[in-house]
Amino acid sequence: MEKPGFNIAQQEKASNHLQEIVQEARRFLLTYTKVIEIAPLQVYESVLIFSPTNSLIRQIFSDEEPGWIKVKPRVEADWDACLQTLEGHGSFVTSVMFSKDGQRLASASWDNDNTIKVWDATSGVCLQTLEGHDRGVTSVVFSNDGQQLASGSRDNTVKIWDATSGACLQTFRDHDDEVTSVVFSNDGQRLASASSDTTVKIRDATSGACLQALEGHDREVMSVVYSNDGQRLASGSWDNTVKIWDTTSGACLQTLEGHGWHVTSVVFSNDGQRLASGSSDNTAKIWDATSGECLQTLEGHSSFVMSVVFSNDGQRLASGSWDNTIKIWDATSGSVLQTLEGHDRGVTSVVFSNDGQQLASGSWDKTVKIWDTTSRAFVQTLEGHDRGVTSMVFSNDGQRLASGSYDKTVKIWDATSGACLTTLGGHDEWVTSVVFSNDGQQLASGSDDKTVKIWDAASGACLKTLEGHYDYVTSVVYSNDGQRLASGSWDKTVKIWDATSGACLQTLKSHDRGVTSVVFSDDGQRLASGSGDKTVKIWDATSGACLQTLEDHGSSVTPVVFANNGQRIPPGPSASQASWPHSRSYMYGLSNYQDWIIENGQRVLWLPPSCRSQTFAVAHGRFGLGTSSGHIIIMEFRS
């Protein structure tokens with residue numbers, strides 16, 4: 001007879017396992033809601049292979065993983081802290097704000113979008129899109145009761161909206177320049193707005209009457225916030241200062257000086273005793289809001305701090321930065337508790353949910369992300385570049401992949417295992433272009449430092465540095481025999497070099513704007529160049545004579561190619577695709593929005609936001625992607 005305790009233990013174990021599966025399923029749905037809606041069968045293709053290796057759902061359905069993907073992308077072992085990525089804005093996201101009850105999230109977007117979106121903060125569904133501003137929306141905020149929304153815009157106006165119906169209730173037009181920040185007082189009676197006209201205006205939120213105009217900053221005011229009791233208001237400005245104002249008298253109580261550059265964001269702690277500021281000097285500061293003393297200077301971001309926010313309990317401070325990251329700090333000790341990575345471009349706005357368990361961020365990458373601030377799974381274990389990937393190329397045999405980056409390095413990767421074989425350092429600015437010689441023994445790189453470097457692809461030694469361009473190098477390519485190297489530059493020229501001696505053989509001049517792409521014909525007798533002047537030129541690679549100018553392009557020409565038979569192919573819609581050598585029936589590339597891998601024009605594999613990039617390479621059934629966060633993704637497909 002079984003012991004009763006055994007049955008209870010088994011039941012508890014089963015219950016815990018079921019709870020884990022339910023939690024996992026929720027996380028799975030939150031992360032992949034968008035693709036499940038638009039292409040549900042991708043659950044068995046993309047969703048499984050891009051999920052963490054320790055994911056219970058991935059493990060349960062491992063037999064369903066697509067067989068046509070021979071080598072699957074290397075992914076993290078566990079889920080990261082990003083719960084959801086909300087996509088839908090057509091331009092940069094400038095501001096995000098939770099409603100007080102945490103049920104909704106509002107986001108604002110820049111020029112060419114000009115809208116505010118209201119999202120269900122649990123499901124990620126877009127509930128409303130508010131249209132009415134004529135230019136980009138810079139700031140959005142809920143009233144405390146969640147009934148109204150206020151927005152500021154580059155069209156110099158402030159609007160108040162009904163947060164349920166989306167109707168525009170009022171428009172205020174009393175600023176002389178862009179409105180940069182808006183905030184309701186806690187009781188909802190007043191609305192303050194900051195502007196590039198150097199003023200802060202306080203108005204009656206019902207009648208719209210301007211109660212006060214606060215003047216004192218010497219430059220654009222970028223951020224404004226009320227203390228919880230409504231007695232004080234803080235403003236941050238491009239004059240490098242923070243000012244604290246008495247909201248009754250309009251008097252300036254304090255001017256806080258200490259930042260070395262523009263103040264971009266200010267926020268009071270809930271108890272009103274501290275104030276935090278973010279700055280273009282790459283720091284955040286925490287101040288005593290009564291004495292004006294600087295209590296902490298938080299250093300760690302590598303670019304501008306664009307947004308700061310306290311958690312409701314005042315124990316943590318979050319900062320969003322132009323370095324694409326969010327940091328969560330201990331507001332007392334100043335130590336970094338978490339660094340959240342996932343945005344592809346600068347983070348413009350951060351806000352905690354009321355309970356402090358989630359954080360929302362808006363970014364120049366046009367997305368809103370919702371993060372779990374209780375997660376400790378934030379350490380990335382996959383090796384990669386420290387900054388975004390700019391260029392990628394496979395070796396001719398498909399065994400290695402080279403990548404260039406904004407971090408000024410070139411990395412060479414094993415295309416099967418994904419391991420980094422070597423890191424080539426030596427450029428003084430970001431790497432713009434990389435290419436292997438045909439035999440794979442050498443690698444050339446072009447850079448924003450105006451040079452081309454030739455490297456030994458096995459040892460990583462720099463063999464030659466080619467100098468002569470007067471502006472950054474945009475493209476490099478070897479001739480098929482490896483004897484010559486061509487480089488295109490923003491100085492409007494193409495140079496042809498002896499790849500052994502490094503001597504400049506020819507300088508080709510005829511483009512009216514920067515050269516963006518160069519390529520040799522297979523026989524090496526001709527060279528094609530694309531340019532920002534919207535033309536393609538065909539050159540005699542020996543004499544340097546311009547043989548032909550193709551002028552039918554409506555915009556800057558980036559990729560140019562010759563067909564294998566030497567006939568010219570002007571770049572067109574297929575320029576975002578690449579074919580596998582010796583496999584002409586397959587053409588792989590990226591869709592226009594980089595969210596799908598396409599085969600012969602058909603979408604075959606959805607790419608999660610964290611895996612998207614315009615930089616990719618294809619060879620021998622292998623597909624390489626370089627992301628804006630610096631990660632390298634390599635897959636191999638069955639032909």
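Nothing in this text is a laboratory measurement; each read-out follows from the coordinates by a stated rule. Nothing here was measured: the structure is a model prediction, and the numbers come from that model. All Cβ positions, even for glycine, are placed from backbone atoms using ideal geometry, and neighbour counts span all protein chains on display.
Cross-link candidates for LYS72: which lysines have Cα within less than 21 Å, leaving aside residues fewer than 8 places away along the same chain?
LYS411
Going by how many other beta carbons lie within 10 Å of each one, how would you line up VAL389, VAL125, fewest first?
Placing the least packed residue first, the sequence is VAL125, VAL389.
Pulled fully out, how much extra length does the chain show between LYS100 and GLN147, if you take 0.36 nm times their separation in residues and subtract their Cα-Cα distance?
So the extension gain works out to 15.9 nm.
Excluding residues on the same chain fewer than 8 positions from LYS534, give the lysines whose Cα lies under 18 Å from its Cα.
Cα-Cα hits under 18 Å: LYS492, LYS509.
Considering only THR138, THR85, PHE623, whose Cα is most displaced toward the positive end of the charge dipole of the chain, charges sitting on Cβ of Lys, Arg (+1) and Asp, Glu (-1)?
In the chain, that residue is PHE623.
Mind giving me the FRET efficiency for THR416 and ASN354? R0 is 56 Å, r the Cβ-Cβ distance, nearest 0.05 is fine.
Working from the Cβ atoms, E equals 0.70.
Return a whole-number percent for the relative contact order of segment 307-449, with Cα pairs under 8 Å and 6 or more residues apart as the contact set.
On the way: 335 pairs, mean separation 19.0, N = 143.
Dividing the mean separation by the residue count of segment 307-449 yields 13 percent.
Can you pull the one-decimal nm distance between simple spin-label points at THR423 and VAL125, each 7 Å off the Cα toward Cβ?
My value for the distance between the label points is 4.6 nm.
For LYS70, go through the aspartates and glutamates and keep the ones whose alpha-carbon is under 18 Å away, minus same-chain ones fewer than eight residues off.
GLU45, ASP397, ASP414, GLU599, GLU636
When only C-alpha pairs under 8 Å and at least 6 residues apart count, what is the relative contact order of the chain, in percent?
8
Report, in degrees rounded to the nearest 10, the 0 to 90 angle that the Cα long axis of helix 4-38 makes with the longest principal axis of the chain.
70
Mind counting lysine pairs for me in segment 82-372? Cα separation below 23 Å, and the two need to be 8 or more apart along the chain or on different chains.
Pairs that pass both the separation and distance tests number 14.
Are there GluC sites (Glu not before Pro) in segment 125-216 that DSSP puts in a loop and that have at most 16 other Cβ atoms within 10 Å, and which ones?
Those that pass, being in a loop and sparsely packed, are GLU131.
Based on alpha-carbon positions alone, could you give the equivalent ellipsoid semi-axes of segment 82-372 from the gyration tensor, as √(5λ), descending, whole Å?
In descending order, the three semi-axes are 24, 23, 17 Å.
In the chain, which longest range has no chymotrypsin sites (Phe, Trp or Tyr not before Pro) that are both DSSP loop (not H, G, I, E or B) and surrounded by at most 14 other Cβ atoms within 10 Å?
262-469
Roughly how big is segment 497-536's charge dipole about its Cα centre, with Cβ charges of +1 (Lys, Arg) and -1 (Asp, Glu), in debye to the nearest 20?
For segment 497-536, the charge dipole is close to 180 debye.
What ranking of SER280, SER303, SER459, SER487 emerges when the number of other C-beta atoms within 10 Å of each C-beta is taken as an exposure proxy, fewest first?
SER459, SER303, SER280, SER487
Please give me, ordered by residue number, the GluC sites (Glu not before Pro) of segment 240-312 that lie in loop per DSSP and have at most 13 other Cβ atoms within 10 Å. Show your work: numbers first, answer last.
Working: sites: GLU257, GLU293, GLU299; in loops: GLU293.
The qualifying sites are GLU293.
Taking 2.2 N^0.38 Å as the expected size of a compact globular protein, what ratio does the Cα radius of gyration of the chain give against it, to two decimals?
So the chain has a normalised radius of gyration of 1.08.
Please give, to one decimal in nm, the separation of the simple spin-label points placed at THR53 and ALA503, each 7 Å out from Cα toward the Cβ.
5.2
For the chain, what is the calculated [θ] at 222 nm in deg cm²/dmol (nearest 500), taking -39500 (n - 2.57) for each run of four or more DSSP H residues and dividing by its residue count? List each step's numbers first, then the result.
Values: 3 runs with 45 residues, N = 639.
Calculated from helices alone, the mean residue ellipticity at 222 nm is -2500 deg cm²/dmol.
Along Cα→Cβ, 7 Å out, is where each label goes; now give me the distance between the ones at ALA209 and THR542 in nm to one decimal.
It works out to 8.8 nm between the two label points.
Would you kindly compute the Cα radius of gyration of segment 34-117 and its largest Cα-Cα separation (Dmax), both in Å?
When restricted to the Cα atoms of segment 34-117, Rg and Dmax are 17.1, 48 Å.
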